[in-house]
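Participant: The structure is given below, and queries will be raised subsequently.
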Amino acid sequence: MARFYRYRLPPWARNCIFICEKATLPILIFQLIRTLFFPTTLDVLLLGIFVGLFIAFHLEWI
């Protein structure tokens, strides 16, 4: 099976990935602040998902 390369995608899909990559950090910070003030199960779950997404984008797994 071939490795996934984000730069071989069509331009519209690559642009969507770049936009999601840039928007992940502000959403992560907002969710962290929200979780610190109003810790619910859903907030902790969303924070874990956003942390995982941020790490995946940072290490270029996506």
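Rule-based calculations on the coordinates, nothing more; no lab input. Because the structure is a prediction, the values reported are computed rather than measured.
Participant: So what is the calculated 222 nm ellipticity per residue for the chain, using -39500 (n - 2.57) for each DSSP H run with n of 4 or more, over all residues, to the nearest 500 deg cm²/dmol?
Facilitator: Result for the chain: -25500 deg cm²/dmol, rounded to the nearest 500.
Participant: Grab the Cα-Cα distance for A13 and R34, subtract it from 0.36 nm times how many residues apart they are, and report the gain in nm with one decimal.
Facilitator: 4.5 nm
Participant: Hey, what angle do you get for helix 41-58 against the long axis of the chain, alpha-carbon based, 0 to 90 degrees rounded to 10?
Facilitator: Around 30 degrees separate the two axes.
Participant: Any chance you could run the full-extension gain for R6 through H58? It's 0.36 nm times the residue separation minus the Cα-Cα distance, nm to one decimal.
Facilitator: Once the chain is fully extended between R6 and H58, it gains 17.4 nm.
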